[in-house]
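The values are calculated or read from the model by the stated rules, or taken from the named source; none is laboratory data. Note that this is a predicted model, so its numbers are computed, not measured. All Cβ positions, even for glycine, are placed from backbone atoms using ideal geometry, and neighbour counts span all protein chains on display. For accessibility, only protein heavy atoms count, side chains too; no ligands or nucleic acids. Shrake-Rupley method; radii C 1.70, N 1.55, O 1.52, S 1.80 Å.
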There are 2 protein chains.
Amino acid sequence: MITVLAGGVGAARYLAGLLQVVPPADVTAVVNTGDDTTMHGLRICPDLDTVTYTLAGAVNGETGWGLTGETWQAMESLRAYDAGRAGFNLGDRELGTPLFRTGRLAEGASLAEVTEQIAARWGLGLRLLPMTEAEVATRVTVADDGEIGFQDYFVGRHHSVAVSAVRFAGIEAATPSAGVLDAIASAAKVVIAPSNPIVSIGPVLAVPGLRAAIAARRDDVVAISPIIAGAALKGPADRLLTELGHESSVVGVARIYAEVAGTLVIDTADADLAGAVEAAGMRCVVAPTIMSGPAEAAALAKVTLS
Amino acid sequence: MITVLAGGVGAARYLAGLLQVVPPADVTAVVNTGDDTTMHGLRICPDLDTVTYTLAGAVNGETGWGLTGETWQAMESLRAYDAGRAGFNLGDRELGTPLFRTGRLAEGASLAEVTEQIAARWGLGLRLLPMTEAEVATRVTVADDGEIGFQDYFVGRHHSVAVSAVRFAGIEAATPSAGVLDAIASAAKVVIAPSNPIVSIGPVLAVPGLRAAIAARRDDVVAISPIIAGAALKGPADRLLTELGHESSVVGVARIYAEVAGTLVIDTADADLAGAVEAAGMRCVVAPTIMSGPAEAAALAKVTLS
């Protein structure tokens, strides 16, 4: 059994590789829900959906999120009422997911139950678990506007503003969702996917009880650095690390994960930093980590399991 | 100033006729919100939307509700999760309206404010007022299943099951929305549109304070019978009248409205019942009431104003 701590696009690609080399029934993904938000009345779970659509082979290949074959009538109609209101773009086809989720949650279903139903509809073989049932909201303090919601930062401002603080509102009252602690305790390996350490893996580790559960498995926990040659392949991980006082390098990542993970996989481009990673307290594995296609993703998955 | 008590399709067609013969700024429509419902997290107001789309010239001409140029990706996607869940069909284009409404309501806007914004976007010149800000839900008792929601009856069961009772849940706590009492008190004429007397006009008259306010204007209140030759042109008004112990005829309509309206306009097909309508206590006007096109709607509007 393999348990993967997952954010969005990077984690989805890693999981697609993993499912090529491990039976899907042996894989559990514990997915960040700190990006989740209620918009226009609909409950949106960006990371759960990105993982789902990617593993279903239905993700929009150009963006890495959203669905193929999308149309945009609902958002155009919404913009006709208020141009500023459709910043978070949901295609007509994709809208079915939050419509279903919101309806089920209103009926009293748990997010885990709804997530299982969504995964079943897309024929996913692995188990997808939200990190918690609690509503946790990643909040970001930016220079000019104070604290704003994560989607406002990430989508509305294209993550291009400087961040001075990040917090996960509601996290104190959160507990790991059903099955999460067991999936960590019983896994042969726990993998921290190449997701943003601050805003994707950060919320998962911040759920009370989860950090300790993962640290207890430290020797079997393998993290993959999302930073390659100092930069993130996608998204603001590199800037966020620097802005929040970390080093935007595999060494900075090692310092963040050293308490909970025994091993860090870094890209061959960073081979010269292997010694510094080990000095930060992690075993270092050097391997190609850029998942440009299914073969590369499967090869990276094999590295994390070996 | 003309104030119209309005349900959905029949009221929308009457209002379209009225706006041909009266300046739009002189018209207020007080619209039934008893059909409103929250579905998949979205606040749906069927009668407000039908009136809006019809007056904007954007209504789907085949159905009498919904928008032209519609696509159905979101509902297809929702049905892939649960085939039973998309009984209330919302096209992609139309979805923009409840997305906007639900978002604004969550921000604290009143339904009247949101309705005004929606009317402005569609360029409507008249004033559209929801009958109340309170959530009122028309509930229908059917033979086999007990009490069900109105949309379940109307859409889910195609209004084809026998009804033994109708009530408006939440009506006791409702008050007329801002401007409604004034629009009734100050109108030169109050028109009860040719809508379903039980489930469209019924909720409007049941809002505490509204029946008395309308009855106080009885001499200037004109109702149009939605029953022609014993039958409803559209919808279940005829069956509902019979099932609930009324007569499905212009005389049955007269008995329902006699307390609040001084005049009933009946179709020429019912000319022989004019005496019976007068015997029920209403002045009777016989005129063509089938609004098969704009000219017929305008002619009917003129009759109600004369």
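Details
- Against the list (1) at pLDDT below 95; (2) at positive phi, the condition A:S160 fails is (2).
- Scope segment A:88-103; condition open to solvent by 50 Å² or more (accessible area, probe 1.4 Å) and either on the phi > 0 side of the Ramachandran plot or more than 21 Å from the chain's Cα centre (by Cα) (or both); matching residues: A:R93
- Boolean, A:V30 is more than 8 Å from chain B (Cβ to nearest Cβ), more than 22 Å from A:P194 (Cα to Cα) and buried (at least 16 other Cβ atoms within 10 Å of the Cβ): no
- Taken together, A:L111, A:L126, A:L95 contain a single residue that is touching a Cys at 6+ places or on another chain (Cβ under 8 Å) and of a type outside the set (D, E), which is A:L111.
- Filter result for A:G41 (within 7 Å of chain B (Cβ to nearest Cβ) and either of a type in the set (S, T, N, Q) or on the phi > 0 side of the Ramachandran plot (or both)): yes
- Taking segment A:35-76 as the range and being under 30 Å from B:A56 (Cα atoms) and either open to solvent by less than 10 Å² (accessible area, probe 1.4 Å) or among the hydrophobic types (A, V, I, L, M, F, W, C) (or both) as the test, the residues that pass are A:M39, A:L42, A:W72, A:A74, A:M75.
- Residues of segment A:147-185 classified as among the acidic types (D, E) and surrounded by 16 or more Cβ atoms within 10 Å (Cβ to Cβ), total: 1
- Of all the residues in segment B:207-255, those that are farther than 22 Å from B:R13 by Cα, of a type in the set (G, A, S) and in contact (Cβ under 8 Å) with a residue 40 or more places away in the chain number 1.
- Looking across A:Q73, A:Q117, one residue alone is touching a Phe, Trp or Tyr at 6+ places or on another chain (Cβ under 9 Å) and within 14 Å of another protein chain (Cβ to nearest Cβ). It is A:Q117.
- Restricted to segment B:115-144, and to residues there that are of a type in the set (V, I, T) and not in a helix (DSSP H, G or I), the residue that is surrounded by the fewest Cβ atoms within 10 Å (Cβ to Cβ) is B:T141.
- Residue within segment A:49-63 that is at negative phi and within 9 Å of another protein chain (Cβ to nearest Cβ) present: no
- A:R101, sole failed condition from (1) more than 26 Å from B:T38 (Cα to Cα); (2) modelled with pLDDT of 95 or more: (1)
- Of all the listed residues (B:T28, B:T3, B:T63), the sole one being closer than 20 Å to B:N89 by Cα and either modelled with pLDDT of 95 or more or not aliphatic (A, V, I, L, M) (or both) is B:T63.
- Answer from A:E116, A:E62 - the residue that is of a type in the set (D, E) and farther than 19 Å from A:A134 by Cα: A:E62
- Among helices (runs of 4 or more DSSP H) entirely within segment B:1-114, having at least 3 residues that are touching a residue at least 60 places away in the same chain (Cβ under 8 Å) singles out B:9-21, B:46-55.
- Sole residue being more than 11 Å from chain B (Cβ to nearest Cβ), among the aliphatic types (A, V, I, L, M), more than 14 Å from A:A56 (Cα to Cα) and over 16 Å from the mean Cα position of the chain (by Cα), chosen from A:A134, A:A106: A:A134
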